[in-house]
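The next block holds one structure in the form of structure tokens; read it before the comments.
The values are calculated or read from the model by the stated rules, or taken from the named source; none is laboratory data. Please read all numbers here as calculations on a predicted model, not as lab measurements. Quick reminder, even Gly has a Cβ in these numbers, built from the backbone with ideal geometry, and neighbours come from all protein chains shown. Surface areas here come from the heavy atoms of the whole protein model, side chains and all, with no ligands, DNA or RNA. Shrake-Rupley method; radii C 1.70, N 1.55, O 1.52, S 1.80 Å.
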Amino acid sequence: MKRYLIKRLLLIIPVLLGVSVIVFFLVRLAPGDPARVLAGEHASPEFIQAVREKWGLDKPLYVQYFIWLRSVLRGDLGVSIATHTPVLQELLTRFPATLELSIVAMFIAILVGVTAGIISAVRQYSIFDYLSMTGALFGISMPVFWLGLMLMLIFGLRFDLLPISGRLSPEVTLRTVTGLYLLDALLTGNGRAFLDALAHLVLPGVALGTIPAALIARMTRSSMLEVIRQDFIRTERAKGLPEKTVIYKHALRNALIPIITVIGMEFGLLLGGAILTETVFAWPGLGRYTVDAVYARDYPAIQGAVLFIALTFVLVNLLTDLLYAYINPRIRYR
């Protein structure tokens, strides 16, 4: 296990290096000049050139890349051109918002997806099976931004049941400790802030968790069907074990590996910044920060955000792989 962990950690280095090369040169292929955006629409050519020299945009691309890479290796992702603040500081400030939203969305996805998948597998070809798999098909096919807008229109504007943007209402105050508003409200004993933060999480959490829930439901059904048809399940039933014990203790545990894989990949993607969801619901997380950086042609912010997202994704995948051995002790890493 230790050798496997060290090997995987070392493999992260070339992955992040490749991501850094791709994002650095790819953002510079996009139209637009950050120096012109920063200087203003009516700035003189001399002032634009001065801005370009100030931010090192006049140097050759390979020189700019190695200067940036040297800073990254020192833990410095640069300074945002638009806000003049360190990129790493802004990413760490916004990451708790994305983390909290991702946890809520994944909780909804696991609860709905695993439950629907198990019932569909146990009651194969039943009405529930057809309805749940049809719903999963719609969930996978439905654009998340459209679903978010519909949820806002129905539950936020039409019936005025839930807030449609932000993390807290303006009249609610909360002393932040971790940046996770639900946890901070519990730590500070602020019940009003907890309920308000939870209400703000419902609509974006449902919109963000729909696609993962559909994928988890389909994978759970497929994996469970494969396991419950095996001989050891028939043996457990022949021994007279209760059906719930057979399904949840024996069948589900042996079917968890592909389910955990899907959950890990989807959670990594959510942590990477739910760009569309955060934009629709004005959620101050990594996704919205990345979109704003793209609009501003903010090269350091874009590069830092993508690299941070890539690091988060590979670490989540690593934790998922390590979880396999706990779920199924037969798995041994070599």
Open item on the list: Yes or no: region 100-117 includes at least one residue that is over 30 Å from residue 247 (Cβ atoms) and surrounded by 16 or more Cβ atoms within 10 Å (Cβ to Cβ).
Closed with: yes
The lone condition residue 91 fails out of (1) of a type outside the set (Phe, Trp, Tyr); (2) under 22 Å from the mean Cα position of the chain (by Cα); (3) surrounded by fewer than 20 Cβ atoms within 10 Å (Cβ to Cβ); (4) over 30 Å from residue 137 (Cα atoms) is (3)
Note on region 294-308: residues among the hydrophobic types (A, V, I, L, M, F, W, C), at pLDDT below 90 and open to solvent by less than 40 Å² (accessible area, probe 1.4 Å) are 296
Per the list (1) open to solvent by 60 Å² or more (accessible area, probe 1.4 Å); (2) in contact with a helix residue (DSSP H, G or I) (Cβ under 8 Å, 6 or more places away or on another chain); (3) free of Cβ contacts under 8 Å to residues at least 40 places away in the same chain, residue check on residue 137 breaks on (3)
With the first residue restricted to region 1-14 and required to be farther than 17 Å from residue 72 by Cα and without any contact (Cβ under 8 Å) to a residue 60 or more places away in the chain, and the second required to be part of a helix (DSSP H, G or I) and open to solvent by less than 100 Å² (accessible area, probe 1.4 Å), Cβ contacts under 9 Å at 6 or more apart or on different chains are 11/314
Of the residues in region 1-31, those that are over 23 Å from the mean Cα position of the chain (by Cα), over 24 Å from residue 58 (Cα atoms) and open to solvent by 70 Å² or more (accessible area, probe 1.4 Å) number 6
*Go through the residues of region 232-249 one by one and say whether even a single one is of a type in the set (A, V, I, L, M, F, W, C) and either in contact (Cβ under 8 Å) with a residue 40 or more places away in the chain or in contact with a Leu (Cβ under 8 Å, 6 or more places away or on another chain) (or both).*
yes
Within region 144-168, the residues that are under 24 Å from residue 271 (Cα atoms) and free of Cβ contacts under 8 Å to residues at least 12 places away in the same chain are 146, 150
Given (1) more than 17 Å from residue 283 (Cα to Cα); (2) of a type outside the set (Gly, Ala, Ser); (3) open to solvent by 30 Å² or more (accessible area, probe 1.4 Å), residue 184 misses just (3)
Assess whether residue 260 counts as being closer than 18 Å to residue 92 by Cα, surrounded by 17 or more Cβ atoms within 10 Å (Cβ to Cβ), of a type outside the set (Gly, Ala, Ser) and under 19 Å from the mean Cα position of the chain (by Cα).
no
For residue 244, the lone unmet condition from (1) at pLDDT 90 or above; (2) surrounded by fewer than 24 Cβ atoms within 10 Å (Cβ to Cβ); (3) under 18 Å from residue 116 (Cβ atoms) is (1)
Looking across region 32-45 at residues that are outside any helix (DSSP H, G or I) and at pLDDT 75 or above, the single one that is farthest from the chain's Cα centre (by Cα) is 44
Only one of 42, 84 is open to solvent by 80 Å² or more (accessible area, probe 1.4 Å), closer than 30 Å to residue 166 by Cβ, free of Cβ contacts under 8 Å to residues at least 60 places away in the same chain and of a type outside the set (Ser, Thr, Tyr), namely 84
Query raised in the report: Yes or no: residue 145 modelled with pLDDT of 95 or more and either within 17 Å of the chain's Cα centre (by Cα) or surrounded by 13 or more Cβ atoms within 10 Å (Cβ to Cβ) (or both)?
Result: no
Reported set for region 169-182 where residues are within 13 Å of residue 96 (Cβ to Cβ) and free of Cβ contacts under 8 Å to residues at least 60 places away in the same chain is 174, 176, 177
Reported set for region 46-78 where residues are within 24 Å of the chain's Cα centre (by Cα) and either surrounded by fewer than 14 Cβ atoms within 10 Å (Cβ to Cβ) or not charged (D, E, K, R) (or both) is 72, 75, 77, 78
